[in-house]
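Asks: Can you keep this structure in mind? I'll have questions shortly.
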Amino acid sequence: MKSFKSFFGVITMIDHFWRGGVGRVGCTKLITVENFNRGVVNFVVSPDTYFVNQEIVKVGDTVTGFYDALAPTPLIYPPQLQAIVMSKASQFYNVKVDYFDNDLVSSDNTLKLNISPSTQILLENGQPFIKSPKNRNLVVIYGPTTRSIPAQTTPYKIIVLC
């Protein structure tokens, strides 16, 4: 099981990242993100990284990078983390990436999903997901929440990470 963590900040640099053979040159990017505490993270962004709403990011954009905190990481500074999901900051929606249990409660017990008929449930490639999203790693795009513990929301969209 993955343990999702996030890092929020402003993109200060985007560069090519060499990985693999000649045919893969240019397929992977290194995105440097700096937060307001002057913390810096280099996100390795591969063709497998999911971008929320397929947004294109550029230097100066405010983003959140989600990564697996249990994945092996080289002991270098700044840390170099494999981005699983990248999300551009928005005033219109929130994004949570986490494992959701049988009751659709996140693993950190901060968010419970109440799925409505209008909630889109999709695969990463945009195709409909026809099974239950319970007991899966999900990207949840949502708006307002209740002031309960856990907070409850009716998500706009759920992306199932298979």
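Asks: Whole-Hz Karplus ³J(HN,Hα) for segment 106-118, in order, using 6.51 cos²θ - 1.76 cosθ + 1.60 and θ = phi - 60°, x for Gly and Pro?
Replies: 5, 5, 8, 6, 9, 9, 10, 9, 10, 7, 10, x, 8
Asks: In terms of modelled amide H atoms, which long-range or inter-chain residues lie less than 5 Å from the amide H of Q82?
Replies: So Q82 has HN proximity to V44.
Asks: Using Cβ contacts closer than 10 Å as the measure, can you line up K112, K131 from fewest to most?
Replies: On the way: K112 19, K131 8.
Taking fewest neighbouring Cβ atoms as first place, the list is K131, K112.
Asks: Is segment 67-118 best put as rounded, prolate or oblate by its Cα gyration tensor, with a ≥ b ≥ c the root eigenvalues, rounded for a/c under 1.5, and otherwise prolate when a/b is larger than b/c, oblate when not?
Replies: Numbers: a/c = 3.35, a/b = 1.72, b/c = 1.95.
Since a/c reaches 1.5 but b/c is at least a/b, the shape of segment 67-118 is classed as oblate.
Asks: Strictly over 21 Å apart at the Cα level, which of K29/K157; K29/K131; K29/K88 would you flag in this model? Walk me through the numbers before you get to the answer.
Replies: Values: K29/K157 27 Å; K29/K131 33 Å; K29/K88 16 Å.
Distance filter (> 21 Å) returns K29/K157; K29/K131.
Asks: Among G65, C162, I84, flag the residue with its Cα farthest along the positive direction of the charge dipole of the chain, charges on Cβ as +1 for Lys/Arg and -1 for Asp/Glu.
Replies: Of the options given, the answer is C162.
Asks: What list of ³J(HN,Hα) values in whole Hz, one per residue of segment 89-100 in order, does the Karplus curve 6.51 cos²θ - 1.76 cosθ + 1.60 (θ = phi - 60°) give from phi, with Gly and Pro shown as x?
Replies: Computed from phi, the couplings for segment 89-100 are 4, 9, 7, 9, 7, 10, 10, 10, 10, 6, 8, 10 Hz.
Asks: To make sure I understand, if each residue's beta carbon is the centre and we count other beta carbons within 10 Å, what order do C162, C27 fall in, fewest to most?
Replies: Numbers: C162 9, C27 14.
Fewest-to-most Cβ neighbours within 10 Å comes out as C162, C27.
Asks: Ok, one more. Over the chain, with a Gaussian network built from C-alpha contacts below 10 Å, which listed residue (Q54, Q152, Q80) shows the highest mean-square fluctuation?
Replies: Q54
Asks: Under a Cβ-only charge scheme (Lys and Arg +1, Asp and Glu -1), can you give me the dipole magnitude of segment 66-118 about the Cα centre, in debye to the nearest 20?
Replies: The calculated dipole for segment 66-118 is roughly 240 debye.
Asks: Just one of [x] 36, 18, 14; [y] 23, 22, 15; [z] 28, 18, 15 is semi-axes √(5λ) of the Cα gyration tensor in Å as worked out from the coordinates here. Which one is it?
Replies: Recomputing semi-axes √(5λ) of the Cα gyration tensor in Å here picks out [z].
Asks: Please get the size of the charge dipole for the chain, origin at its Cα centre, with Cβ charges of +1 on Lys and Arg and -1 on Asp and Glu, quoted in debye to the nearest 20.
Replies: On the way: 15 positive and 11 negative charges, 23 e Å.
It works out to roughly 100 debye.
Just so you know, all these numbers are worked out from the coordinates, no wet-lab data involved. Small disclaimer: the values here were computed from a predicted structure and weren't measured. FYI the Cβ positions are ideal-geometry reconstructions off the backbone, even for glycines, and counts take in every protein chain you see.
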